[in-house]
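See below for the structure under consideration.
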Amino acid sequence: MEKPKPIKRDKNIQPLSRDHHHTLLLCWKLRKGFSKDVAPERMKKYSDWFFQDHVLPHFKIEEEYLFPVLGEEHELVKRALADHRRLQRLFEDDKDVVKSLSLIEEELEKHVRFEERELFNEIQKNATEEQLAVISVKHKDEKFKENTSDEFWK
C-alpha cells in the first residue's frame, strides 16, 4: 500500500496548520490525563485556558478570513461551522465535565484532521493570492506559549 504524500500547505496558511498541531497536542494531553486518572477539574482548567487563548482566536480567523474563500453555503464550510458550534458548547459545558472533556478529545481531533485533509486543501485550491495574503496578515505565526501552571499530562 502506498503511503499518502504529505500535504504541501501554502505558506500563508501554515501558521493555522501549526495551530492545529498544538490543538492535537491538547487532545493527547486529555487522553494522558484520563489514562492517569487525573482529576477532571484539573483537565477542565487547562482546557478552558486553551479554549480562550487558542481555540477561540483560531476559530475567529478561520471564520472571518478562510471560510469566505469558499462561501458559507459550501458543504465543507457548513460542516466546519457546525463543528465549531458543537466544540464551543463542549468547552463551555460545566455540568458533565468528564463527558465533555472526553468528547472534546475525540471530536476536536476529528475536526482538525477534517480541516487539514479536506477543508484547507479546498480553500488552498480556490483562494486568490490576495485572499491568501490577507490570511497571512491577519494571523501571525507566533510561538506557542504553553500554560505550565499544572502539567497534568506528565
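The values are calculated or read from the model by the stated rules, or taken from the named source; none is laboratory data. All of these numbers come straight from a predicted model, not from anything done at the bench. Don't worry about glycine lacking a Cβ; one is built from the backbone with ideal geometry, like all the others, and counts go over all protein chains shown. What goes into the accessible areas is simple: the full protein's heavy atoms, side chains included, and nothing from ligands, DNA or RNA. Shrake-Rupley method; radii C 1.70, N 1.55, O 1.52, S 1.80 Å.
When you work out D = kT/(6 pi eta Rh) for the chain at 10 °C and 1.306 mPa s, using the Kirkwood radius from C-alpha pairs as Rh and the Stokes-Einstein form, the result is 97 µm²/s.
Accessible surface area normalised per residue over the range 68-151 is 62 Å², counting heavy atoms of protein chains with a 1.4 Å rolling probe. Based on Cα contacts under 8 Å between residues 6+ apart, the chain shows a relative contact order of 45 percent.
Secondary-structure-derived ellipticity at 222 nm for the chain, considering helices only, amounts to -19000 deg cm²/dmol, per-run term -39500 (n - 2.57) for DSSP H runs with n ≥ 4. What a 1.4 Å probe finds exposed on the chain is 51% carbon and sulfur by accessible area, rounded to a whole percent.
In the chain, taking the dipole from charged Cβ atoms about the Cα centre, the farthest positive-side position among Pro68, Ile13, Asn126 is held by Ile13. Taking 14 Å as the cut-off, the amide N atoms of the range 25-44 that come nearer than this to a point 7 Å along the Cα-to-beta-carbon line of Gln52 belong to 44. Estimated at 0.36 nm per residue, the fully extended path between Arg79 and Asn126 surpasses their Cα-Cα distance by 15.2 nm. Within the chain, the longest run free of GluC sites (Glu not before Pro) that sit in a DSSP loop with at most 15 other Cβ atoms within 10 Å is 3-71. In a fully extended conformation the segment linking Glu106 and Asn147 would gain 12.6 nm over its present Cα-Cα distance, using 0.36 nm per residue.
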